[in-house]
Each structure stands twice: as structure tokens, then as C-alpha cells.
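The values are calculated or read from the model by the stated rules, or taken from the named source; none is laboratory data. These figures come from a predicted structure and were not determined experimentally. As a convention, Cβ positions derive from the backbone with ideal geometry for all residues, glycine included, and neighbour counts pool all protein chains shown.
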Amino acid sequence: MSEHGHNLLGKYIETNFKPNELINKTIIEIGSVREFLDGQNSTDYFTKLCKKYHMNLVSIDMDIECTRNAEKVFKDNNFENGEAINKRGEEYFKDLGFYSKLNFVYLDGYDYDHKQHAEERQESYNRVFGTDINNEECWASHLDMVKQIHLKSDIDTIICFDDIISSDVGKGVTAIPYLFDNGWVMKEYKNRAVIMKLPEVWTDKSDIDEIIDNQFVWA
Ligand SMILES: C[S@@+](CC[C@H](N)C(=O)[O-])C[C@H]1O[C@@H](n2cnc3c(N)ncnc32)[C@H](O)[C@@H]1O
């Protein structure tokens, strides 16, 4: 079974935090479960993780069917700390207050154009955006979200992206350079997913080396 960004974020959380540090922390997921395929259901994966560590999950999707899917996942798991919101991710982050304390953000929203999207998928995008899936809107959507997240983040905020293929293919083509330009560091890059974080100590030379190394790895 192939691994996705949600596995990377889950493992990062379990490796880098003690259980007592996770209580009441929140994962914000952009892109709720769309198809209940083996290994691809990030909402179910995060629900189980949040249940285990007493965390909260906010799952956001522009498509009402996916929002209903998230609600079903919460119900099936008997999970009470889940909130499914039918909204664009861009609007969700714009509407968030400046003191929101973003803990973990999982960005798996607007699809990039890999030329193999099914017709129903294209129809859903046409309903909400009025166009077929296209890379310009994918990149703009993720860039818009990270600008807001950057404004509202704190030193501990973790951003995980799925579908990061290269510097010109995937969901992070403009969002990742924006984060680099604003001092974020790529902590991990695996299975077409990345973890980004702000360095804790700016004066430490190893942080600067890490930034430079990671930028080369991705490009
Ligand atoms: C790749 S799927 C998410 C898959 C899900 N994370 C999983 O593992 O099952 C992408 C989802 O993002 C949603 N989406 C696209 N653009 C969006 C936007 N601007 N804001 C919120 N959701 C969006 C789509 O409706 C679709 O359900």
C-alpha cells in the first residue's frame, strides 16, 4: 500500500511529540476524504490519530460530498472532536483570527493537473470554480493558503503538503518557494510529501545550513 502525506505527518507527530504534548492540539486538514480507497483516506487516518492522542480534527473541503464523507468518518469512528467544514481552504484561513494557534496543517486541496482526473472530479471543480482542474488555480490556491498560514502561524506550526512532485509539478510550485523566502525549513521530503517548519533558533548556523541543503534537495 503506497504512503501519502498524511502518513508522513502522522509519523512526524508520533516521533517528535510526547503524548501529553498532543492533548487538545488540532490538525487542520484541507481536502477531506473523497474516495474511500485503501491508503488514501487521510480523514480516517487523522481521526484515528486524534482519537488516540485526544486531539481535535478540522476537515475542510469545498465539495459538499467530501464534507459529508468527513462527517461519516467521524461518526463511524465515534469521534467527537471532529469538525467538518464546507468551505474553500483559502477562505477558512483568511477568516481565522490572528491568535488561532495553528498546530498541524495538512494541505491536500485543489488537485494539480496530471491529466487523469475522472469526469465527476472535473464536474465538481466546474460547479465550484467554473473551470476544469488546472495548475494555475492549484498553485494559486495553495499559495493563498500558505500566505495566511504564515501570517497566523507561530514558531511551532507544522505544515505538511501532499503531492509535492518537483519544483514545477504538484501542489507546491509557488507555495513552497514562498515559504522558503519567508524562512521556513523543509524538515522532511518523502513519498511526494513535505513537512515545513520555522526554525526555532535563527542565530544557529546549522539552521541556515539546513535551509540551504533542503532547498537544493527539492529543486
Ligand atoms: C486529493 S483530494 C483530498 C483527498 C483526501 N485528503 C484523502 O486523502 O482522502 C483533494 C480535495 O480537495 C478539495 N478541494 C479542491 N480545492 C479546494 C479548495 N480551494 N479548498 C478546499 N478544498 C478544496 C476537493 O474537493 C477534493 O476533495
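Only residues in segment 56-69 that are part of a loop (DSSP other than H, G, I, E, B) count as the first member; pair them with residues that are not aromatic (Phe, Trp, Tyr), Cβ under 6 angstrom, at least 6 apart or cross-chain, and list the lot. Correct list of pairs: 62/88; 62/128; 63/124. The C-beta contact set for segment 100-115 (first residue farther than 16 Å from residue 160 by Cβ, second residue away from the ligand (no atom under 14 Å from the Cβ), distance under 6 angstrom, 6+ apart or interchain) comprises 100/152.
In the condition set (1) closer than 30 Å to residue 15 by Cα; (2) touching a helix residue (DSSP H, G or I) at 6+ places or on another chain (Cβ under 7 Å); (3) among the aromatic types (Phe, Trp, Tyr), residue 129 is compliant with all but (1). Checking each residue in segment 39-54 for being closer than 22 Å to residue 170 by Cα and not hydroxyl-bearing (Ser, Thr, Tyr) picks out 39, 40, 41. With respect to being over 18 Å from residue 111 (Cα atoms), at pLDDT 95 or above and surrounded by fewer than 16 Cβ atoms within 10 Å (Cβ to Cβ), residue 51 falls outside the description. Here residue 124 passes the criteria (1) at pLDDT below 95; (2) under 25 Å from residue 151 (Cα atoms); (3) within 9 Å of the ligand (Cβ to nearest atom) except the one numbered (2).
Hey, can you tell me all the residues within segment 23-35 that are surrounded by fewer than 20 Cβ atoms within 10 Å (Cβ to Cβ) and within 13 Å of residue 55 (Cα to Cα)?
Taking segment 23-35 first, the residues surrounded by fewer than 20 Cβ atoms within 10 Å (Cβ to Cβ) are 23-26, 35.
If the condition is that a residue be surrounded by fewer than 20 Cβ atoms within 10 Å (Cβ to Cβ) and within 13 Å of residue 55 (Cα to Cα), then 23, 24, 25, 26 are the ones that fit.
Once segment 172-199 is narrowed to residues that are in contact with a Phe, Trp or Tyr (Cβ under 9 Å, 6 or more places away or on another chain), part of a strand (DSSP E or B) and not acidic (Asp, Glu), the residue that is nearest to residue 13 (Cα to Cα) is 195.
Filter segment 10-67 for residues that are of a type in the set (Phe, Trp, Tyr) and under 14 Å from the mean Cα position of the chain (by Cα); which is farthest from the ligand (Cβ to nearest atom)? Spell out the reasoning first.
Just the residues of segment 10-67 that are of a type in the set (Phe, Trp, Tyr), to begin with: 12, 17, 36, 45-46, 53.
Checking the rest, the ones that are also under 14 Å from the mean Cα position of the chain (by Cα) come to 12, 45-46.
Values: 12: 16, 45: 8, 46: 9 Å.
Only one residue fits best here, namely 12.
When every residue of segment 89-98 is checked against the conditions, at least one turns out to be among the hydrophobic types (A, V, I, L, M, F, W, C), surrounded by fewer than 13 Cβ atoms within 10 Å (Cβ to Cβ) and either under 30 Å from residue 198 (Cα atoms) or more than 9 Å from the ligand (Cβ to nearest atom) (or both).
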